[in-house]
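The values are calculated or read from the model by the stated rules, or taken from the named source; none is laboratory data. Here the structure is a predicted model, which is why all the values come from computation and not from measurement. Every residue, glycine among them, receives a Cβ derived from its backbone with ideal geometry; neighbour counts consider all protein chains shown.
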Amino acid sequence: MRSLWMLAASFFFALMGAFVKMGAADFSSLELVGYRSVCGVILLGAWIFATGRTIRTPYLLGHFKRCFIGTFSMSIWFYSLGRLPLATGLTLNYTNPLFMAAIIAFLAFRKKEGVPWGLVLATITGFVGVVLMLHPTIGAGQTVPALIGLFSGLLATFVGLQIRELARVHEPTWRIVFYFTLFGTVWGFAGHLIVSGPFSPLSLQSALPLIGIGLSATAAQLCMTQSFGVSNILVASILQYTAIIFAALFGFLFFGDAIAPDELFGIAVIAASSVAATFFIKAGRKP
């Protein structure tokens, strides 16, 4: 059940979000994108060289589309995440299962195929849990960052679809992630120089969140790419909701964010929707 890789991806993405929030005061959003990506380039590049693999591919256009959409989505998400509570920022980014369900249902209806209503219901139920996790609502002055975070969630849907297309032509997970991190490194560092000028000063204390971002993000990308390669992309997408559970836990541990009773109920709803979605894999339903 390769879609269960998304559980690991959700854990690492939530951990990355915590590190991003720690480093948001010292670095710009584009700097964080650059530092987040360069770690993957170094680690994967060294592994590719050591094992004699190659980054040559006949699908450069597909990689470019995945890289551009994913990096732009990540950039605006980092921006919103630094201006919103951790759980809120992650929740808005992980609205993409709703968009994914809408796209799959629309395509199935247009092709006159069976709409996977069970998975659609699981998606909506999971989002109910997400809404419960958002209490209290977005504060004053946070509307624009929230809308940007929501748009990032929409773009993340197309990232999943593009990864699936690359997986269908048998592009390996490591190559997809390597090109993404390489693109993100150039985008982040060059973009910061153009937009903001010189890089922010580094210190031992400020570098620790950057290391955490790089390691957790690389692990998350590998797990997510492996997960989206499955035939049932909606199930993998639904499992992304579990990132909200991890985000609430990290918010409590790292930032002292309280977990209210209704948020605990939301956690239970998200967990139940994720478990229900996995049963559709066993039932053989493949949207």
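If you filter segment 246-264 down to residues that are of a type in the set (A, V, I, L, M) and surrounded by fewer than 24 Cβ atoms within 10 Å (Cβ to Cβ), you find that the one that is nearest to Phe12 (Cα to Cα) is Leu249. Here the condition is being out of contact with any Phe, Trp or Tyr (no Cβ under 9 Å at 6 or more places or on another chain), surrounded by 19 or more Cβ atoms within 10 Å (Cβ to Cβ) and either not in a helix (DSSP H, G or I) or not small (Gly, Ala, Ser) (or both); of Val120, Val128, Val144, it holds for Val120 alone.
Does Ala271 satisfy the criteria of being surrounded by 24 or more Cβ atoms within 10 Å (Cβ to Cβ) and assigned to a helix (DSSP H, G or I)? The answer is no for Ala271. Exactly one residue out of Ala50, Ala101 is touching a Pro at 6+ places or on another chain (Cβ under 9 Å) and farther than 22 Å from Thr143 by Cα: that is Ala101. Counting only helices (runs of 4 or more DSSP H) wholly contained in segment 160-257, the ones carrying 1 or more residues that are closer than 17 Å to Gly34 by Cβ and of a type in the set (A, V, I, L, M) occupy 173-195, 204-228. The residues of segment 245-279 that are at pLDDT below 80 and closer than 20 Å to Phe99 by Cα, listed by number, are Ala277, Thr278.
The numbered conditions (1) among the β-branched types (Val, Ile, Thr); (2) closer than 23 Å to Val130 by Cβ; (3) at pLDDT 90 or above are all true for Thr95 except (3).
Please indicate, with yes or no, whether at least one residue in segment 106-113 is surrounded by fewer than 23 Cβ atoms within 10 Å (Cβ to Cβ) and touching a residue at least 40 places away in the same chain (Cβ under 8 Å). Scanning segment 106-113, I find at least one residue that is surrounded by fewer than 23 Cβ atoms within 10 Å (Cβ to Cβ) and touching a residue at least 40 places away in the same chain (Cβ under 8 Å), so the answer is yes.
Search segment 1-58 for residues being of a type in the set (S, T, N, Q) and part of a helix (DSSP H, G or I), and hand back the single one that is surrounded by the fewest Cβ atoms within 10 Å (Cβ to Cβ). Step through it out loud before you land on a result.
Taking segment 1-58 as the starting set, the residues that turn out to be of a type in the set (S, T, N, Q) are 3, 10, 28-29, 37, 51, 54, 57.
Going one step further and asking which of them are part of a helix (DSSP H, G or I), we end up with 3, 10, 29, 37, 51.
Values: Ser3: 23, Ser10: 26, Ser29: 24, Ser37: 27, Thr51: 8.
Looking at residues that are of a type in the set (S, T, N, Q) and part of a helix (DSSP H, G or I), I get Thr51.
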